[in-house]
Amino acid sequence: MKIQFPKKEEILSFVQRVFQLMTPYWGMFYFAALLLATHFAWKYSFTESLAMGGPPQIWLWQTFDCSQFFESCVGYIVSSMDWLFTHVFGVDGYEIFGNRFYITEPTRSVISIVWSCSGMKQLFIFTTMLLLYPFAHKHKLWAIPSFGFVILLLNLIRLMVLFNHMKTNPEDFEAWHEGSKYVFYAIMFGLWILWEEFVRRYAPRN
């Protein structure tokens, strides 16, 4: 029995059909690939060392001390949350010491805002994804700061919602903390779809 192998033209035709079927989903594949690449780039670029009796030190490539930068980011988040709780939402029943919220009523618990809660990782991921996008470069000038602001604002809202829930349900912290991160990334995917659709439909390729 003689085995017949497909001809070169048939193979090329099959590959072209596959590419045509996958074309509408290239944006999602691109998002997933860049998300994984930037996630691991961040993970293996920053390390944390615990100093005896002091705050943790954050190192970039185990060479550059970024502790002061992240400490400033955390301080801004804590002060923003405190201002919004006090002047906008009228939330009380807590005290602040450093980067920690000590909830005093109706339950007693502690929430620490640490460097990984700063939103800088998500900002780095989304900014890098836009920078590596293959075209529409001039639109990145407004898209990166605009989407960056949205990401930092969403992170602030995420922490405020988490804090408010912890006031009455401290036992739910782990589930809510992990779940909120996935919601955050889902919203980032929505921002990516917004960017992808805008670029594909309206933006010139330059």
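Below is a table of values for the structure above.
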{"read-out": "Computed E for Gln57/Ser79 - FRET, C-beta separation, R0 25 angstrom, nearest 0.05", "value": "0.65"}
{"read-out": "Cβ-defined net charge surrounding Thr86, 14 Å radius [Lys, Arg +1; Asp, Glu -1]", "value": "-3"}
{"read-out": "For the stretch 69-113, alpha-carbon Rg over 2.2 N^0.38 Å", "value": "1.15"}
{"read-out": "Highest-first arrangement of 145-157, 117-129, where packing means the average Cβ count within 10 Å", "value": "117-129, 145-157"}
{"read-out": "Too-long pairs where the Cα-Cα distance tops 18 Å, listed order kept, from Lys121/Lys167; Lys43/Lys181; Lys43/Lys140", "value": "Lys121/Lys167; Lys43/Lys140"}
{"read-out": "Heavy-atom accessible area order for His177, His87, largest first, 1.4 Å probe", "value": "His87, His177"}
{"read-out": "Förster radius 41 Å - calculated FRET efficiency between His177 and Ala33, Cβ distance, rounded to 0.05", "value": "0.95"}
{"read-out": "For the stretch 145-193: Kirkwood Rh in Å [reciprocal of mean 1/r, alpha carbons]", "value": "11.5"}
{"read-out": "Thr104-His165 FRET efficiency (beta carbon distance; Förster radius 22 Å; 0.05 resolution)", "value": "0.85"}
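The values are calculated or read from the model by the stated rules, or taken from the named source; none is laboratory data. For clarity, every value in this text was computed on a predicted model and none was experimentally measured. Because the Cβ atoms are built from the backbone with ideal geometry, glycine has one as well, and the counts that use them run over all protein chains shown. The accessibility values were calculated without ligands, DNA or RNA, using every heavy atom of the protein model including side chains. Shrake-Rupley method; radii C 1.70, N 1.55, O 1.52, S 1.80 Å.
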